[in-house]
Amino acid sequence: MSQLHKYGCTCCAEILAGGFAPLAAPDRRRVLRAAGGIGLLAVLQPFGAIAATGHYEAMLLGCIDPRLQEPVASWTAAQGLTGKYSQFLFAGAAIGVVAPAFKDWHKTFWDNLAATIQLHNIKKVIAINHRDCGAAKIAYGDAAVANETETHRAALADFRKQVNEKQSKLEVVTGLMALDGKLEPLG
C-alpha cells in the first residue's frame, strides 16, 4: 500500500474498496475520481496549515469593482497577507457599510464580520475604498465626485467608528486606493 493510501484518503476509498490492482484495467470514472481527489489535495495543500487552525489575521472589506481586484490582491501580497485573510466585497466597500442609501446591507456586513471573528479568530479588519467609485456617487450624489477624497475620508472614519463601537477588540485599517494600486491611509 502506498504512503498516500495508508491513511485512507476519501478520494480513493472506492478504488481501494473495489480491490483496484495496478495491473487491472480500471474504469475511466474511477481513474478520474482518483485524479480529481489527488489534484484537489495538491491545490489545497499550501493552505492546510491555516485552514486546520482556523486562525487568520484579518478580514478585508473591498469593493466589487473589477478594476480593483488585482491591485488589492497585489497590495495584500505585499503586506504578507496572502492566504491569511477572509474577504467581504460590497459595492463601495466601507460606503456600502455606512451610507444610508445602502442601509439594507448594513446588517449583512456586521453579521458577516461577527461570523468571521468567531470562525477565523481575526484581530484586524481592513477597509479599502477606491477612487472613481460608482457606489460613492449612488450613495452621495454628484458631491461625492466633486469632493472624492473627503467623501471617502468621512465614510472610512464612520466605518472605523462603527467597528470600534461594535467590535472594539479589532484593529481597524482604512485606506483609499487609486486605480493604479497605490493605497493612501485614510479615515
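The sole residue among 112, 121 that is polar (S, T, N, Q) and in contact with a helix residue (DSSP H, G or I) (Cβ under 9 Å, 6 or more places away or on another chain) is 121.
Filter the stretch 57-70 for residues that are under 24 Å from residue 153 (Cβ atoms) and surrounded by fewer than 18 Cβ atoms within 10 Å (Cβ to Cβ) and give the result.
Residues satisfying the conditions are 64, 67, 69.
Evaluation of residue 88 against the conditions (1) modelled with pLDDT under 95; (2) part of a strand (DSSP E or B) shows that the sole unmet condition is (1).
Annotation note: of 81, 113, the sole residue that is part of a helix (DSSP H, G or I), within 16 Å of residue 62 (Cβ to Cβ) and modelled with pLDDT of 95 or more is 113.
Among residues belonging to the stretch 166-184 that are over 13 Å from residue 125 (Cβ atoms) and without any contact (Cβ under 8 Å) to a residue 12 or more places away in the chain, point out the one that is surrounded by the most Cβ atoms within 10 Å (Cβ to Cβ). The residue in question is 184. Out of 91, 115, 135, 178, one residue alone is of a type in the set (Gly, Ala, Ser) and more than 17 Å from residue 72 (Cβ to Cβ). It is 115. The single condition among (1) surrounded by 15 or more Cβ atoms within 10 Å (Cβ to Cβ); (2) modelled with pLDDT of 50 or more; (3) of a type outside the set (Asp, Glu) that residue 103 does not meet is (1). Among the candidates 144, 139, 154, 127, the residue that is touching a residue at least 40 places away in the same chain (Cβ under 8 Å) and part of a helix (DSSP H, G or I) is uniquely 139.
The values are calculated or read from the model by the stated rules, or taken from the named source; none is laboratory data. Quantities reported herein were computed from a predicted structural model and do not represent experimental measurements. Note that each Cβ is placed from the backbone with ideal geometry, even for glycine, and that neighbours are counted across all protein chains shown.
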